[in-house]
1. Within the range 189-200, identify whether any single residue is buried (at least 17 other Cβ atoms within 10 Å of the Cβ), on the phi > 0 side of the Ramachandran plot and assigned to a loop (DSSP other than H, G, I, E, B), and answer yes or no.
2. Pick out the one residue from 66, 82, 47 that is surrounded by 20 or more Cβ atoms within 10 Å (Cβ to Cβ), over 19 Å from residue 248 (Cα atoms) and touching a residue at least 60 places away in the same chain (Cβ under 8 Å).
3. What number of residues within the range 201-220 satisfy the criterion of being within 12 Å of the ligand (Cβ to nearest atom) and in a strand (DSSP E or B)?
4. If you scan the range 98-110, which residues turn out to be assigned to a helix (DSSP H, G or I) and touching a residue at least 24 places away in the same chain (Cβ under 8 Å)?
5. For residue 156, are the conditions met, namely being within 18 Å of the chain's Cα centre (by Cα), under 24 Å from residue 227 (Cβ atoms), crowded, with 20+ Cβ neighbours inside 10 Å and in the same structural domain as residue 260 (by TED's automatic domain parsing)?
6. Can you find, within the range 90-118, the residue that is farthest from the ligand (Cβ to nearest atom) among those that are over 18 Å from residue 245 (Cα atoms) and either buried (at least 20 other Cβ atoms within 10 Å of the Cβ) or not assigned by TED's automatic domain parsing to the domain that holds residue 45 (or both)?
7. If we scan the range 159-180, do we find a residue that is within 15 Å of the ligand (Cβ to nearest atom), buried (at least 21 other Cβ atoms within 10 Å of the Cβ), modelled with pLDDT of 95 or more and under 26 Å from residue 282 (Cβ atoms)?
Ligand code: TMO
């Protein structure tokens with residue numbers, strides 16, 4: 001309901017604006033890059049911005065939650081999103097590509113996983129992990145003060161069907177949704193130092209794997225039907241009796257307007273491509289080594305000239321642009 005109202009307001013503002021605004025030539029109007037609330041997405045956005053700037057474009061960043069970004073893309077308030085993860089954003093992405101309201105700007109080499117994850121020492125206390133059945137049997141270990149005898153699963157501000165999964169697999173767990181993603185790592189560190197059992201939302205590629213040893217919980221293998229067909233899987237009356245995809249895609253999204261009006265940047269966006277190692281290292285430069293987003297992006301740009309320049313099509317290299325700045 002809320003997002004419908006928001007979309008409606010947004011669309012009224014946009015149509016009002018388009019009535020009064022003169023046609024702005026695309027070389028003047030900044031490209032608006034949507035930034036989300038996890039590290040690698042912001043650093044990749046900063047890198048992409050620098051690449052576009054080197055081509056002579058102006059760039060703005062538009063912070064958005066993953067649920068609000070679809071309206072922003074549909075109405076052209078934002079132009080691109082550089083990290084669309086299969087584990088958290090497949091429904092909206094696929095639906096909007098299918099109905100033509102956004103454009104699929106290609107897939108990174110990186111494969112992704114987002115799911116329940118625990119530090120390695122938990123295996124000694126709960127034999128049978130990483131199977132979800134072992135986790136279910138060990139729910140008691142994950143109780144916290146105030147959790148009324150239920151195990152606690154710590155998650156972040158990304159909508160996930162975890163409550164539905166807990167119900168479908170009849171697990172004695174509850175979801176504790178932390179409002180800031182970084183608070184997951186605060187909980188992890190608190191438990192880690194005491195070797196206390198903990199299970200959290202984590203993803204790969206991420207810096208966490210370079211700092212903590214741990215493993216994803218193995219739920220029943222994901223299938224599309226698990227999300228739509230109650231009869232699928234172990235639970236015959238409820239959906240979501242499965243895990244997230246284990247080898248998920250990582251895509252780039254753009255508005256239709258971006259493809260039409262920023263052709264060189266769109267072609268470049270299609271070529272922009274990161275692998276698991278690059279994404280994990282970039283997020284570690286921020287979350288472990290404490291660079292800020294801009295410093296991490298700048299460092300990467302300086303160390304990878306030939307790679308990112310190869311992403312810009314030959315016919316788009318503008319002699320008068322800011323290439324020399326880099
Ligand atoms: C979308 N995320 C990478 C936080 O799972």
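1. Among the residues of the range 189-200, not one is buried (at least 17 other Cβ atoms within 10 Å of the Cβ), on the phi > 0 side of the Ramachandran plot and assigned to a loop (DSSP other than H, G, I, E, B), which makes the answer no.
2. 47
3. Qualifying residue count, the range 201-220: 4.
4. Within the range 98-110, no residue meets the criteria.
5. no
6. 103
7. Within the range 159-180, none of the residues are within 15 Å of the ligand (Cβ to nearest atom), buried (at least 21 other Cβ atoms within 10 Å of the Cβ), modelled with pLDDT of 95 or more and under 26 Å from residue 282 (Cβ atoms).
The values are calculated or read from the model by the stated rules, or taken from the named source; none is laboratory data. Keep in mind the model is a prediction, meaning the values are calculated, not measured. Note: ideal-geometry Cβ built from the backbone for every residue, glycine included; neighbour counts use all protein chains shown.
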